[in-house]
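Coordinate-derived values only; no laboratory data. Since the structure is predicted, the reported quantities are computational estimates derived from the model, not experimental observations. Don't worry about glycine lacking a Cβ; one is built from the backbone with ideal geometry, like all the others, and counts go over all protein chains shown.
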Amino acid sequence: MITSAQHQFSAAERDTIYANIALRRDIRHFQPGGQVEEAQLQRMLAAAHQAPSVGLMQPWRFMRVRHAQTRQQIQALVEAERQRTAAALDERAAEFLRLKVEGIGDCAELLLVSLAPDDGTVFGRRSMPREMALCSAACAVQNLWLAARAENLGLGWVSMFEPLALAELMKLPAGSLPLGLLCLGPVATFYERPMLEALGWRQTRPLADMLMDEPLFELS
Ligand SMILES: Cc1cc2nc3c(=O)[nH]c(=O)nc-3n(C[C@H](O)[C@H](O)[C@H](O)COP(=O)(O)O)c2cc1C
């Protein structure tokens, strides 16, 4: 058994971690002209890269979008998908179009997170290869999200795009799957509640709705 010195969190440290989780928000409003320090970005990416992954496959890939022109092309893809989403929402289309669903134009940093081409890992994903790779990449994004909040920076996950079109635009290796455009940067305020809830789009459901007991089995 491999052991190492154990770090015990104090009660204050524990409370800080829970506060970070509770205060994290998906952010669509950024301070125009804001900046992320290079050291901050590296800390956050290092946090993302410490995520758990099935079979230790580490399937996340991050690409930094640096050029204004690329951002504009990305924004056009997102806008096209936003319109398609509205069309698919039928009677809620107009309400949806009033929501702000991305901060690509204003965020200080834009990162593309994608799933790497499959490396054939079997451990832990024989029966659900795609799903377990996706879950692992999502763990990395959540680490990044919480790290951003700890840095007092906002992060918004934008998933409205045609993945193949975005993969082509960003020249991702064959077999990659774009998962999110991550808008990152300083914000004027963090929303107190999920924005979709505050604006009446959907209500957060209580934890009790998500908890269930195992079914009772007949004891033979
Ligand atoms: C996988 C994923 C994709 C998302 N895509 C979008 C998106 O395209 N646009 C958007 O406005 N929010 C997006 N969100 C943010 C959710 O709407 C948000 O997490 C949810 O409403 C709860 O709000 P909170 O993150 O502030 O707690 C996404 C979140 C996740 C986890």
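Looking across Leu199, Leu164, Leu169, one residue alone is within 12 Å of the ligand (Cβ to nearest atom) and over 18 Å from Val141 (Cα atoms). It is Leu199. For Arg82, the requirement of being within 12 Å of the ligand (Cβ to nearest atom), surrounded by fewer than 20 Cβ atoms within 10 Å (Cβ to Cβ) and among the basic types (Lys, Arg) is met. Every condition in (1) closer than 26 Å to Pro186 by Cβ; (2) in a loop (DSSP other than H, G, I, E, B); (3) under 17 Å from the mean Cα position of the chain (by Cα) is met by Gln58 except one, and the failing one is (1). Within region 172-196, restricting attention to residues that are of a type in the set (A, V, I, L, M) and over 18 Å from the mean Cα position of the chain (by Cα), which residue is farthest from the ligand (Cβ to nearest atom)? If we take residues in region 172-196 being of a type in the set (A, V, I, L, M) and over 18 Å from the mean Cα position of the chain (by Cα), then Ala174 is farthest from the ligand (Cβ to nearest atom).
Take region 17-43 and flag every residue that is touching a Phe, Trp or Tyr at 6+ places or on another chain (Cβ under 9 Å) and part of a helix (DSSP H, G or I). The answer is Ile17, Leu23. Mind checking which residues of region 88-141 are among the β-branched types (Val, Ile, Thr) and within 13 Å of the ligand (Cβ to nearest atom)? Within region 88-141, Val101, Ile104, Val113, Val141 meet the criteria. Remark: pairs (first residue in region 91-108, of a type outside the set (Asp, Glu); second residue more than 10 Å from the ligand (Cβ to nearest atom) and assigned to a helix (DSSP H, G or I); Cβ separation under 7 Å; 6+ apart in sequence or on different chains) = Ala93/Ala86; Ala93/Ala87; Phe96/Ala86; Leu97/Ala86; Ile104/Arg71; Ile104/Ile74; Ile104/Gln75; Gly105/Gln75. Looking only at residues in region 33-43 that are under 19 Å from the mean Cα position of the chain (by Cα) and farther than 12 Å from Glu109 by Cα, the one that is surrounded by the fewest Cβ atoms within 10 Å (Cβ to Cβ) is Gln42. With the structure loaded, tell me whether Leu77 is within 15 Å of the ligand (Cβ to nearest atom) and either assigned to a loop (DSSP other than H, G, I, E, B) or surrounded by 13 or more Cβ atoms within 10 Å (Cβ to Cβ) (or both) or whether it fails that test. The answer is yes for Leu77. Pairs are defined by a Cβ separation below 7 Å, a sequence spacing of at least 6 or placement on different chains, a first member in region 32-55 that is touching a residue at least 12 places away in the same chain (Cβ under 8 Å), and a second member that is in a loop (DSSP other than H, G, I, E, B) and among the basic types (Lys, Arg); the pairs so defined are Val54/Arg125; Gly55/Arg125.
When only residues in region 61-74 that are more than 13 Å from the ligand (Cβ to nearest atom) and assigned to a helix (DSSP H, G or I) count, which is surrounded by the most Cβ atoms within 10 Å (Cβ to Cβ)? This residue is Arg71.
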